[in-house]
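Q: There's a structure below that I have some questions on.
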Amino acid sequence: MYYAPIAIFGYAVWLMSEYGAKMLGAYGKFLVAQYSFTLMHFFVVYSLLVALGGLNPVKYFKAQFTPFIVAFTTRSSAVTLPYNMEASRKMGVPDYIYNITIPIGATVNMDGTALYQALSAMFIAQLFGIPIQPYQVWLIIAAAVIGSVATAAIPGGGTIMLAYVLATLGLPLEGIAIMMVIDPLADAIRTAVNASGDNACTVLLTRIIGEKLQPQI
Ligand code: ASP
């Protein structure tokens, strides 16, 4: 494990020397696409969810700011757990609800990771010149959703589980090493959105079970 970063560095050097600027450009495009789609999901889908739950989205984003930053910098939904619970309290969710939903959400609810795994599978298929058939798009979505549920709430967990998504689609497992090179950047945003999704769902659930929110922000 101690030597893994050196191996990844060596692999990155080989990739760059072999494919040069082409590889850097591909990584750049992947990250722009991933950050755009993930942030769009964060702002659009979560605004809708909390609005349906009866909370002003501005209040949600305000309360969610600290957990977002903690998740972005630690890259771990597990580490972000207490900050997410504090944000839930500020949004006015009763403690008996968030005490259950936030820990469960931290391990199974990972929208950012599902988006990342689906996008990575498409990226790797393109990189290796493997055409994706229309029916495989549904397979990618299903595999990414199941893969994200099974992902551990730790840094890099989503890239390890990418092995399962690639294997399901019959894509080359070398893709894991290729994605590892940019994992610190890709993991930061997906973890921030994974954690934020837990609170958006918690707000909606509070409404569904007939409880009232009492926001403190
Ligand atoms: N780091 C992510 C999390 O803790 C999991 C992943 O690697 O996708 O939520």
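Q: Report, by residue number, each residue of the stretch 98-114 that is aliphatic (A, V, I, L, M) and surrounded by fewer than 23 Cβ atoms within 10 Å (Cβ to Cβ). Don't jump to the end; show me each part of the working.
A: Here is the first cut: in the stretch 98-114, the residues aliphatic (A, V, I, L, M) are 100, 102, 104, 106, 108, 110, 114.
ILE100, ILE104, ALA106, VAL108 - these are the residues of the stretch 98-114 that are aliphatic (A, V, I, L, M) and surrounded by fewer than 23 Cβ atoms within 10 Å (Cβ to Cβ).
Q: Please tell me if GLY210 is within 16 Å of the ligand (Cβ to nearest atom) and at positive phi.
A: For GLY210, the condition - within 16 Å of the ligand (Cβ to nearest atom) and at positive phi - is not met.
Q: Still on this structure: Being within 13 Å of the ligand (Cβ to nearest atom) and touching a residue at least 24 places away in the same chain (Cβ under 8 Å): is that true of THR151 here?
A: So THR151 fits the description; yes.
Q: On to the next question. Check off (1) assigned to a helix (DSSP H, G or I); (2) in contact with a helix residue (DSSP H, G or I) (Cβ under 6 Å, 6 or more places away or on another chain); (3) more than 10 Å from the ligand (Cβ to nearest atom) for ALA142 and give me the number that stays unchecked.
A: (2)
Q: Residues to consider are LEU49, LEU55; find the one that is modelled with pLDDT of 95 or more, farther than 22 Å from VAL149 by Cα and away from the ligand (no atom under 16 Å from the Cβ). Please lay out each step first, then the result.
A: Details: LEU49 fails: farther than 22 Å from VAL149 by Cα.
Answer to the selection: LEU55.
Q: So which residues in the stretch 71-120 are closer than 16 Å to THR159 by Cα, charged (D, E, K, R) and part of a helix (DSSP H, G or I)?
A: Within the stretch 71-120, just ASP111 meets the criteria.
Q: If LYS90 meets every condition in (1) over 15 Å from CYS201 (Cβ atoms); (2) surrounded by 22 or more Cβ atoms within 10 Å (Cβ to Cβ) apart from one, which number is that one?
A: All conditions are met except number (2).
The values are calculated or read from the model by the stated rules, or taken from the named source; none is laboratory data. Model, not experiment: these values are computed from the prediction. All Cβ positions, even for glycine, are placed from backbone atoms using ideal geometry, and neighbour counts span all protein chains on display.
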